[in-house]
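S.K.: Can you read through this structure? Questions will come right after.
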Amino acid sequence: FYFFLHSDRGRTSIVISADAGYRQLRQKVGKRKPRQPPLHRKIPQHPNFEKEREYFQEVDSFELVEESPSPKNFGTWQNNDLVLTHLATRLGKWLASKKSNYSWEPSDRLSSILETPVVTLESKFNEASTSLNERTPERGSRQTSNRVTLGQMDNDLKEKPASPHKGQIEALPLTDEGPKDIEEAIRRLSLSPQPASFVKDQQDPYVTLLRVCKQSAPSTLLDVLSRYCDPGTIIKVGEGTFGEAFNAGTTVCKIVPFDGDLLVNGEVQKRSAELLEEVLLSQTLNCLRGGEGHVKNACTTFIQTIDLQVCQGSYDAALISAWENWDAKHGSENDHPKEFPEKQCYVVFVLAHGGKDLENYVLLDFNEARGLLVQVMAALAVAEAAYEFEHRDLHWGNILLARNEVASVPFTLEGREMFVRSFGLSVSIIDYTLSRINTGGAIHFLDLSSDLELFNGPKGDRQSETYRRMKEVTEDCWEGSFPKTNVLWLQYLVDILLLKKSFKRSSKDERDLRSLKKRLNDYCSVKEAILDPFFMDLLVDHAV
């Protein structure tokens, strides 16, 4: 080895170099022959995807006439039904586009789909939870809650034998006759009974609304209200942006105009489809009252819907007189109903009389305030368990109160019967316009993403702030299940009770309410919040 010492501006470098003999030795060692592969070893080949390419080319050769509809339909009610409901429609449109092509020939792939053996859909849904046929998927999931795919059906066919049964998908064997035979198969590829959305695809929503209300033709307003009282005794008891409320005997009739060109209090009238969804939602919540309704979840807090009727015509003189008497006493904010034309249509919700709304009701003491909160809490928990229900608009005008002699109210939550102390206060929840519900066959909800005015209320206003907090929780995805929205409205009610100074309470009572509001932040659903210490002495296993 040779050492060289080099110095440059105070820095010293040492270079070490090997001699020539050492370099020659390294060169000899490095010249090794490459390793030979063993004999008879197969040389790996690149994968061949020709079969896959041919398959996808065949799939791509079938073109649908239109794209799948967007899940967003701003300003109207939304619902998601079974995918298979739309399958026959899609295949029918595809068939129509192919009829114009004279060189058309049956496809093996399409034939294999249409020749799927009979399969019972009820077996799919009976495996789900007892309270719902299908549940909404967890947040972030791309899968729709109540859809059954062909792949899932194929897997079930391998395990379960097919048998004729109501509610089946029937298959028609294909022959060599071509399009006519496939057209017949598509015609028979349907579900029985049909979900509501399929009916709306085939019929006008107005016709469907009549059918749901068990009518062949609309009635008149006077015909409906006169069933419950003498027309001269009709009294107006309330009003809203989209309708009027009249007292008819022991019932309250809410009259909502729809499908007209006349603006109602400066707003566009509701459409038939929107009223149809509200009617279906009212009928569903009626099932919670017992009898033929839900078995494992029951309550009577949601207002009873006695009847639903479609009407047409102008306001009768008795209704005009009742409206003007209210206007003279209270000063109505609504337009005079005499402006409605002869062809105006309405839906009349005939409801039980629930009392006076919380905004105008005077509570007596702190026990009544607790009885109010626990009844609302229990009702939301029951509906949440049964139908993934979210009210989404539970302000103090949508809670009716009345006094009675009953000290406790029964509830059934997920099979467990219980009672809550009411302290002689009866609570009724009304108005499901903004609500969201999962009936097991469809998800009904109102898309609020386009209603910007709803979220632009005054800052500091409890109701407006609750709308904005709902938007944060849902991230403007109003179709999904977000039980936290029910908790937000409970916090709103606690705020309202703290603001109400009419009932007697101590400083300790106010501290308890404020502590409850704070703890509600930790709950994701009302079913969790009902176990809060604030309600523990209000839940009992027997009638009081």
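The values are calculated or read from the model by the stated rules, or taken from the named source; none is laboratory data. These figures come from a predicted structure and were not determined experimentally. Virtual Cβ from ideal backbone geometry, glycine too; neighbours counted across all protein chains shown. Note: accessible area is taken over every heavy atom of the protein model, side chains too, but ligands, DNA and RNA are not part of it. Shrake-Rupley method; radii C 1.70, N 1.55, O 1.52, S 1.80 Å.
S.K.: Near Gln269, within a Cβ-to-Cβ distance under 9 Å, what is the net charge of the other residues, with Lys and Arg +1 and Asp and Glu -1? Numbers along the way, then the final one.
M.R.: Working: positive: Lys270, Arg271; negative: Asp259, Asp261, Glu267.
Here the count lands on -1.
S.K.: A further question follows. Please report the relative contact order for the range 263-407, taking Cα pairs under 8 Å with a sequence separation of at least 6, and give it as a percent rounded to a whole number. Could the numbers behind the result be given before it?
M.R.: On the way: 126 pairs, mean separation 39.2, N = 145.
About 27 percent, as a whole number.
S.K.: Pull out the extension gain between Asn48 and Asn404, defined as 0.36 nm times the separation in residues minus the alpha carbon to alpha carbon distance; nm, one decimal.
M.R.: Numbers: separation 356, 0.36 × 356 = 128.16 nm, distance 7.98 nm.
Taking Asn48 through Asn404 to full extension adds about 120.2 nm, to one decimal.
S.K.: Now a separate question. Given points 7 Å out from each Cα along the Cα-Cβ axis, report the Ile306 to Asp537 separation in nanometres with one decimal.
M.R.: 3.9
S.K.: Report, to the nearest whole %, how much of the accessible area of the range 401-475 belongs to carbon and sulfur atoms, 1.4 Å probe, protein only. Let's see the in-between values first.
M.R.: Numbers: 1600 of 3400 Å².
Carbon and sulfur: 47 percent of the exposed surface of the range 401-475.
S.K.: Could you state how much accessible area Arg468 has, in square angstrom rounded to the nearest 10, with a 1.4 Å probe and all protein chains kept in place?
M.R.: Around 50 Å² of this residue is reachable by solvent.
S.K.: Which whole-Hz couplings ³J(HN,Hα) result when phi for each residue of the range 332-339 is put into the Karplus expression 6.51 cos²θ - 1.76 cosθ + 1.60, θ = phi - 60°, listed in order with x for Gly and Pro?
M.R.: Rounded to whole hertz, the list is 5, 9, 8, 5, 5, x, 5, 6.
S.K.: Do the alpha carbons of any pairs in Lys236/Lys329; Lys254/Lys459; Lys356/Lys501; Lys356/Lys500; Lys270/Lys459 sit beyond 20 Å of each other, and which pairs? Mind showing how you got there, number by number?
M.R.: Numbers: Lys236/Lys329 11 Å; Lys254/Lys459 31 Å; Lys356/Lys501 18 Å; Lys356/Lys500 16 Å; Lys270/Lys459 28 Å.
From Lys236/Lys329; Lys254/Lys459; Lys356/Lys501; Lys356/Lys500; Lys270/Lys459, over 20 Å: Lys254/Lys459; Lys270/Lys459.
S.K.: Could you do me a favour and compute the accessible area per residue for the range 303-377, 1.4 Å probe, result in Å²? Could the numbers behind the result be given before it?
M.R.: Numbers: 3270 Å² over 75 residues.
Counting only protein heavy atoms, the per-residue value for the range 303-377 is 44 Å².
S.K.: Could you work out how far the C-alpha centroid of the range 371-415 sits from that of the range 327-350, in angstrom?
M.R.: 30
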